Amino acid sequence: MEQQDFNPNIGAVVALQKGLRRIVAPNPSPMTFRGTNTYLLGHREIAVIDPGPASYAHLDAILAACGHDQTITQILVTHSHVDHSPLAALLSKETSAPILAFGPSNAGQSAAMKACLASGMASGGEGIDVDFQPDVLILDQSQIQAGDQRIKAHHTPGHMGNHMCFAWGDVVFCGDLVMGWASSLVSPPDGDLTDFMISCEKLKALRPRIMHAGHGAPITTPVERIEWLIAHRKSRETQILAALSEDASTARALAEAIYTETPAALISAATRNVFAHLIDLEGRKLVSRDGIPNENARFSLVGN
């Protein structure tokens, strides 16, 4: 299925393969596509992956999807943006199932992102679930009994510091690290591009057969999609370096010069993407920064 043809019935339960179902939450937007994908993994004992936004309608849909002989035993969260994690607490209260995740919303933050926060830079993008608190902390490479299935957890920061992917055999639930319908958002101080590129390579090395993302249709050629995403980021880096070879600039000015076909309403998101590249380039000592680490800082090529 082409991603743009993905037009699910909101709240409907769709069987993806034996032991795996999907329900799409009622939160479509330019940032969430058709809505957040919630996955139900298992047969009799069910693990819910990414319960989604704080929606009572979605809560009812998840509970209704479980028959009288099924029990929700775990709630797994890939990361704590407000379109993925807030319903976890309500679902846990209803089912007594524990919430499993890498950590609260400040877990896994890189030093560069901590510096951005310390400078007063506000969270951008999809919004942080500041109240998120898992019952069980999952370490990288943890083997987890998820419902009546086994999965392996992989810490994959980049889109967010506490982001995890979950591997179920040759199937990977990749959250918002990789999506088929759009290039993934990396928006400081939530997301770190240096971490993101490392996590993409880590995910690629798993050689998944299929990936189920936080939004959109299943990704049926996952390695190719990850390679495209890496190449896309490298291409954007080349554009930024070329622009800086002309003169020092800010993230906003670079975004306006590079994202010429982007609607004005999305330029702020594009600015965060450019800023993520600039912080990555600064860490690699290819550019230098004049000012505190935020979108108003001026960056220049090292040696210029």
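The values are calculated or read from the model by the stated rules, or taken from the named source; none is laboratory data. These numbers come from a predicted model, not from an experiment. As a convention, Cβ positions derive from the backbone with ideal geometry for all residues, glycine included, and neighbour counts pool all protein chains shown.
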*Is at least one residue of segment 192-214 under 15 Å from residue 100 (Cα atoms) and in the same structural domain as residue 127 (by TED's automatic domain parsing)?*
no
*Kindly check whether there is at least one residue in segment 277-292 that is at pLDDT below 95 and surrounded by 15 or more Cβ atoms within 10 Å (Cβ to Cβ).*
no
*List, please: which pairs have Cβ atoms under 7 Å, are six or more places apart or on different chains, and start with a residue in segment 236-255 that is closer than 20 Å to residue 293 by Cβ and end with one that is of a type in the set (S, T, N, Q) and assigned to a loop (DSSP other than H, G, I, E, B)?*
250/296
_Kindly evaluate residue 272 against the criterion of being surrounded by fewer than 18 Cβ atoms within 10 Å (Cβ to Cβ), under 21 Å from residue 30 (Cα atoms) and charged (D, E, K, R)._
no
*Would you check if residue 246 is of a type in the set (Asp, Glu) and assigned to a loop (DSSP other than H, G, I, E, B)?*
yes
*So which residues in segment 188-224 are closer than 16 Å to residue 173 by Cβ and small (Gly, Ala, Ser)?*
199, 213, 214, 216, 217
*What's the number of the condition residue 225 fails, among (1) outside the structural domain of residue 198 (by TED's automatic domain parsing); (2) crowded, with 16+ Cβ neighbours inside 10 Å?*
(1)
*Can you tell me which of 195, 170, 176 is over 15 Å from residue 49 (Cβ atoms), surrounded by 18 or more Cβ atoms within 10 Å (Cβ to Cβ) and among the acidic types (Asp, Glu)?*
195
_Quick check on segment 144-162. Is at least one of its residues touching a Gly at 6+ places or on another chain (Cβ under 7 Å) and without any contact (Cβ under 8 Å) to a residue 40 or more places away in the chain?_
no
*Taking into account only those residues within segment 98-138 that are among the hydrophobic types (A, V, I, L, M, F, W, C) and part of a loop (DSSP other than H, G, I, E, B), which is nearest to residue 265 (Cα to Cα)?*
122
*Go through segment 256-281 and give me each residue that's in contact (Cβ under 8 Å) with a residue 40 or more places away in the chain and either of a type in the set (Asp, Glu) or not in a helix (DSSP H, G or I) (or both).*
280
*Residue by residue through segment 204-235, note down the ones that are under 11 Å from residue 180 (Cα atoms), assigned to a helix (DSSP H, G or I) and in contact (Cβ under 8 Å) with a residue 24 or more places away in the chain.*
222, 225, 226, 229
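So that you can scan it fast, the table gives a plain yes or no per residue for (1) within 29 Å of residue 112 (Cα to Cα); (2) among the aliphatic types (A, V, I, L, M):
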{"position": "139", "(1), (2)": "yes, yes"}
{"position": "142", "(1), (2)": "yes, no"}
{"position": "148", "(1), (2)": "no, no"}
{"position": "169", "(1), (2)": "no, no"}
{"position": "176", "(1), (2)": "yes, no"}
{"position": "183", "(1), (2)": "yes, no"}
{"position": "195", "(1), (2)": "yes, no"}
{"position": "216", "(1), (2)": "no, no"}
{"position": "221", "(1), (2)": "no, no"}
*Can residue 87 be described as crowded, with 19+ Cβ neighbours inside 10 Å, within 20 Å of residue 11 (Cα to Cα), touching a His at 6+ places or on another chain (Cβ under 9 Å) and modelled with pLDDT of 95 or more?*
yes
_If I go through segment 85-97 residue by residue, how many of them are closer than 21 Å to residue 160 by Cβ, polar (S, T, N, Q) and not in a helix (DSSP H, G or I)?_
1
*Could you list all residues from segment 1-30 that are in contact (Cβ under 8 Å) with a residue 40 or more places away in the chain, crowded, with 18+ Cβ neighbours inside 10 Å and among the aliphatic types (A, V, I, L, M)?*
20, 23, 25
